[in-house]
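Below you'll find the structure, written out as structure tokens, and then a few comments.
The values are calculated or read from the model by the stated rules, or taken from the named source; none is laboratory data. Values in this document were obtained by computation on a predicted structure and should not be read as measured data. Cβ placement follows ideal geometry from the backbone for every residue including glycine, while neighbour counts extend to all protein chains displayed. Surface accessibility is based on the protein's heavy atoms, side chains included, excluding ligands, DNA and RNA. Shrake-Rupley method; radii C 1.70, N 1.55, O 1.52, S 1.80 Å.
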Amino acid sequence: YVRVAAPLSGTLLQLTVDRGAQVARDAPLFTLESEQERAARAEAEARVRQAQATLANLEKARRPPEIAAVRAQLAQAQASLRQSEADLIRTEKLVADKFLAPQRRDEALATRDRDRARVAELAAQVSVANLPARADEIAAARAEVKAAGDALAQAQWRVDQKTQTAPVAALVNDTCVFLDSQRRCV
């Protein structure tokens, strides 16, 4: 004798065998209601897609328009640096010729140094914009993809358990349904 039961409870939707029937291996025996399990599987599928999209986003560099914006800022900063370097050269000559106070040279030098720092900052931002996310963020996203995939597999298993098939070819001796904690064979 082989007893077949679903590991999960539910409302019987379909009983596909009768007492005394001959069944082949893997023939459907019964189906339980599975709406909740199907909804959980759909949710798990959505979580897998979301986790995969997050991972794909982290593995890429910034979008081309974002990189172009940083490059435009860098070009603007480089132009400002060229102007401040030219102003510094003119100011140094005028200070040397005593047409301007030495304080003006200090101001021009500070402006040039500020513009150099801005160019360095934006050059670093361009480099960073071309990189994917940090390795630990990518590893966390990969773990999330795996966890979501595992949750999907579990949800699919629960759906699959709502339909039971014959494990072997056999003669159906009896069919039993549990109603209100009482065993009644029908």
Where the chain is the region considered: accessible area per residue in Å², 1.4 Å probe: 70 Å²
Accessible area of the chain belonging to carbon and sulfur atoms, whole % at 1.4 Å probe: 53 percent
With all protein chains modelled, accessible area of Lys146 [1.4 Å, Å²]: 130 Å²
Highest-MSF residue in the chain out of Ala96, Ala170, Ala42 [GNM, Cα springs under 10 Å]: Ala96
Projected label distance in nm at Gln52 and Leu12, using a 7 Å step from Cα toward the beta-carbon: 3.9 nm
Potential extension, Thr163-Ala39 segment - 0.36 nm per residue separation minus Cα distance: 43.0 nm
Expected 222 nm ellipticity per residue - DSSP helices of 4 or more, -39500 (n - 2.57), all of the chain, to 500: -22000 deg cm²/dmol
Length added when fully stretched, Asn173-Glu66, from 0.36 nm per residue minus Cα-Cα: 31.5 nm
Estimated dipole of the range 20-90 in Debye, rounded to 20 [Cβ of Lys and Arg +1, of Asp and Glu -1, Cα centre]: 460 debye
Net charge over other residues, Cβ less than 11 angstrom from the Cβ of Gln125 (K, R count +1; D, E count -1): +1
Overall dimensions of the range 1-42 as given by Cα atoms, namely Rg and Dmax in Å: 12.5, 38
Enclosed volume per residue, in Å³, of the convex hull spanned by Cα atoms of the chain: 169 Å³
For the range 37-170, with +1 on Lys and Arg beta carbons and -1 on Asp and Glu, the positive-most of Leu74, Leu55, Val159 along the dipole: Leu74
Ratio Rg/Rh [Cα only; Rh per Kirkwood] for the range 30-124: 1.58
Within the chain, longest stretch free of exposed chymotrypsin sites (Phe, Trp or Tyr not before Pro) [DSSP loop, at most 14 other beta carbons within 10 Å]: 2-98
Alpha carbon Rg of the range 78-143, scaled by the compact-globule rule 2.2 N^0.38 Å: 1.86
Using a Förster distance of 45 Å, the FRET efficiency for Asp113-Ile138 (Cβ separation, nearest 0.05): 0.75
Spatial separation of Cα centroids for the range 62-81 and the range 1-39, in angstrom: 65 Å
Estimated dipole of the chain in Debye, rounded to 20 [Cβ of Lys and Arg +1, of Asp and Glu -1, Cα centre]: 420 debye
Cleavage-rule hits (GluC sites (Glu not before Pro)) in the range 3-98: DSSP loop, at most 15 neighbouring Cβ within 10 angstrom: Glu33
